[in-house]
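The values are calculated or read from the model by the stated rules, or taken from the named source; none is laboratory data. No experiment lies behind these values; they were computed from the predicted model shown. Cβ placement follows ideal geometry from the backbone for every residue including glycine, while neighbour counts extend to all protein chains displayed. Areas reflect the complete protein model, heavy atoms only, side chains present, ligands, DNA and RNA absent. Shrake-Rupley method; radii C 1.70, N 1.55, O 1.52, S 1.80 Å.
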Amino acid sequence: MSCGDCFFIILHCADQDYLKFVRDANEFPSIEFYDYIVVGGGTVGCPLATTLSTNHSVLLLERGSSPRERPEVLLQENLINNILEADDKDSPAQPFTSEDGVPNVRGRILGGGTMINFGFYSRADPYFYTNSGIEWDMKLVNESYKWVEETIVSKPIVGTWQSSVKEALLQVGNGPDNGFTFDHIIGTKIGGSTFDGNGRRHGAVELLNKALSNNIQVAIHATVERVIFSTNSRAVSAVGVIYSDSKGKLHQAMLKPKGEVILSAGTLGSPQILLLSGVGPVPYLSSLKIPIVKHHPSVGQFLVDNPRFNVNIAPSLEVQGSEVSIVGITEDHYIEAVSGSYPFNSPVSVILFPNPSPPVNFTVLSVIHKLARPLSLGSLSLASSTNVTATPKVRFNYLSNPTDLAKCVLGTKNLDKVMSSQVMEKYKFPGLNDTKEFKFVGRSLPNDKADDAAFETYCRKMLTTMYHYHGGCVVGKVVDPHFSVTGIGALRIVDGSTFNSSPGTNPQATLMMLGRYVGLRILEERESS
């Protein structure tokens, strides 16, 4: 059976009823009216649009393709390739490099980041709710989580490497053992997964199956150029959006009375669209000759990326690839693990193999720690004042706050303890004088465990991203506690750009919950008005 045949079977065995209301943007009329226009068919946009479709007409606009066109995203075995094959054209993962020089990606497919991530599912931490600036209805929060979980979340199969890291975490004091739970609890646990036991992904896109199909339309390859605002009154209000299709033709999606435009385009996309639409700091917009709609000095500010720091080793025994399924949770950092086969590209392969050479892959085992609630703040600016397809310039200013560096040292020392545990001995190779040692891939851990300067160097040299960035349209600065853009009517932002901290170990659970939660609150507001 060919790989294409496998994709065909996966697509047709999957629950993909949503495909009946998904169409290419070039099939849509030049102008059409809706109750709600949701910009961004990603982690938040899919559950949000689904919920709003219960009683109202909804248009969901996604700039990328659908899993029908890119079925490779549905296979767990393609996890690494989804990132490695990111390009500037139409790949589901779109690459960008921050101004800090750290490579990163953003989702560009219906389902967003849930279609290209490692599938780990864990609810938000208590700090997130308490400090978010939002008065949460926790009963509705829990109901919204469950609505997501009953559809796309499974208990993962914990493989050899994941089991070893879990045991190591407990051996060195990262307890208690909290077993299998979705909740964020100090200690070590098995979390949920959006991959099932057959290695097939279930992303946010499948939440569209719950939509009322007569009330929803989804346009793919639909790139929103800007929000349209009313100009016939003193109060500024959104009235629609302009979007382009894959052929470059412009379309207008307009609001019916009492309707709203909702930006769910993510940490990069939502502030970018606001700026291009004339909502942002007046001096900055004026310098780019963008017509001013509303002065909003904090648009594009307060960006944060939770940095990741790895310990990578080559195994001394055969180990299967695995997505994240366990996590050690502390107040300052989170420890996770992955394993996989990576392409090997170096001058050595050119010498050993003829050109064109066969693909050369090697297995790497990684233990990762991610900072909890980093304090270093960054910002976003436009790469182009006219071209929305140009990814914005982003600088996260990693470790610029000394507290973050101190937290990294603590986390890396915890990693060192994990690697020094008894359970990790089996992954070592024979060394000199009857010793055993790890074969590190990249930088090895510092030898002197008391040398904080060496651990600080390790942090700076090994810093990369966990792809969990947030901010740019933060609650209390750009949007109010109901996610409405302050000073502008009929415009909300509902996504991670509104967060002032990353929710727990991994944000996808909370983002999908947020789409459902805010959708229900909007319906309540409209019914009571």
Given 283, 291, 271, which one is touching a Cys at 6+ places or on another chain (Cβ under 7 Å) and under 18 Å from residue 385 (Cα atoms)? 271
Let me confirm something: among 450, 490, which residue is under 21 Å from residue 412 (Cβ atoms), open to solvent by 20 Å² or more (accessible area, probe 1.4 Å) and not aromatic (Phe, Trp, Tyr)? 450
Hydrophobic (A, V, I, L, M, F, W, C), more than 29 Å from residue 515 (Cβ to Cβ) and assigned to a helix (DSSP H, G or I) - does that describe any residue in segment 131-140? no
First in segment 462-473 and closer than 13 Å to residue 103 by Cα and touching a residue at least 24 places away in the same chain (Cβ under 8 Å), second anywhere and open to solvent by 30 Å² or more (accessible area, probe 1.4 Å) and not in a loop (DSSP other than H, G, I, E, B), Cβ under 7 Å, 6 or more apart: 464/308; 465/308; 466/308
Would you point out the residue of segment 375-385, among those that are in a loop (DSSP other than H, G, I, E, B) and open to solvent by 20 Å² or more (accessible area, probe 1.4 Å), that is nearest to residue 470 (Cα to Cα)? 377
Residue tally, condition within 15 Å of the chain's Cα centre (by Cα), part of a helix (DSSP H, G or I) and without any contact (Cβ under 8 Å) to a residue 60 or more places away in the chain, over segment 78-102: 2
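Residue-by-condition table, conditions (1) modelled with pLDDT of 95 or more; (2) over 30 Å from residue 68 (Cα atoms); (3) β-branched (Val, Ile, Thr):
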{"site": "139", "(1), (2), (3)": "yes, yes, no"}
{"site": "153", "(1), (2), (3)": "yes, no, yes"}
{"site": "166", "(1), (2), (3)": "yes, yes, no"}
{"site": "170", "(1), (2), (3)": "yes, yes, no"}
{"site": "194", "(1), (2), (3)": "yes, no, yes"}
{"site": "197", "(1), (2), (3)": "no, no, no"}
{"site": "201", "(1), (2), (3)": "yes, no, no"}
{"site": "206", "(1), (2), (3)": "yes, no, no"}
Inside segment 143-163, can you point out the residues that are of a type in the set (D, E, K, R) and in a helix (DSSP H, G or I)? 143, 146, 149, 150
Can you find even one residue in segment 159-167 that is within 23 Å of the chain's Cα centre (by Cα) and surrounded by 15 or more Cβ atoms within 10 Å (Cβ to Cβ)? yes
Filter result for the condition that a residue is within 20 Å of the chain's Cα centre (by Cα) and on the phi < 0 side of the Ramachandran plot, over 301, 320, 252: 301
Look through segment 169-200, keep the residues that are touching a Leu at 6+ places or on another chain (Cβ under 9 Å) and in a loop (DSSP other than H, G, I, E, B), and return whichever of them is most open to solvent (accessible area, probe 1.4 Å). 176
Number of the exception - residue 294 against (1) within 14 Å of residue 491 (Cβ to Cβ); (2) within 19 Å of the chain's Cα centre (by Cα): (2)
What is the one condition in (1) open to solvent by less than 10 Å² (accessible area, probe 1.4 Å); (2) over 20 Å from residue 120 (Cα atoms); (3) in contact with a Gly (Cβ under 7 Å, 6 or more places away or on another chain) that residue 329 does not satisfy? (2)
For segment 465-474, indicate whether the set of residues that are open to solvent by 60 Å² or more (accessible area, probe 1.4 Å), in contact with a strand residue (DSSP E or B) (Cβ under 7 Å, 6 or more places away or on another chain) and not in a loop (DSSP other than H, G, I, E, B) is non-empty. yes
Report, ordered by the first and then the second residue, all pairs with beta carbons closer than 7 Å, sequence separation of six or more or different chains, a first member in segment 268-286 that is over 15 Å from residue 298 (Cβ atoms), and a second member that is surrounded by fewer than 23 Cβ atoms within 10 Å (Cβ to Cβ) and of a type in the set (S, T, N, Q). 268/391
Filtering segment 103-158 down to residues that are among the β-branched types (Val, Ile, Thr) and either under 16 Å from the mean Cα position of the chain (by Cα) or closer than 22 Å to residue 498 by Cβ (or both) yields 105, 109, 114, 116, 130, 134, 141, 148
Just checking, does segment 386-400 include any residue being within 27 Å of the chain's Cα centre (by Cα), crowded, with 18+ Cβ neighbours inside 10 Å and within 25 Å of residue 174 (Cα to Cα)? yes
Single residue of segment 17-41 satisfying the filter (closer than 14 Å to residue 207 by Cα and in contact with a strand residue (DSSP E or B) (Cβ under 6 Å, 6 or more places away or on another chain)) that is surrounded by the most Cβ atoms within 10 Å (Cβ to Cβ): 41
Assess whether residue 166 counts as being part of a strand (DSSP E or B) and either acidic (Asp, Glu) or in contact (Cβ under 8 Å) with a residue 60 or more places away in the chain (or both). no
Can you go through 95, 67 and tell me which one is open to solvent by 10 Å² or more (accessible area, probe 1.4 Å) and either of a type in the set (Gly, Ala, Ser) or under 24 Å from residue 223 (Cα atoms) (or both)? 95
Every residue in segment 475-487 that is open to solvent by less than 10 Å² (accessible area, probe 1.4 Å) and either over 16 Å from residue 132 (Cβ atoms) or in contact (Cβ under 8 Å) with a residue 24 or more places away in the chain (or both), please. 478, 483, 485
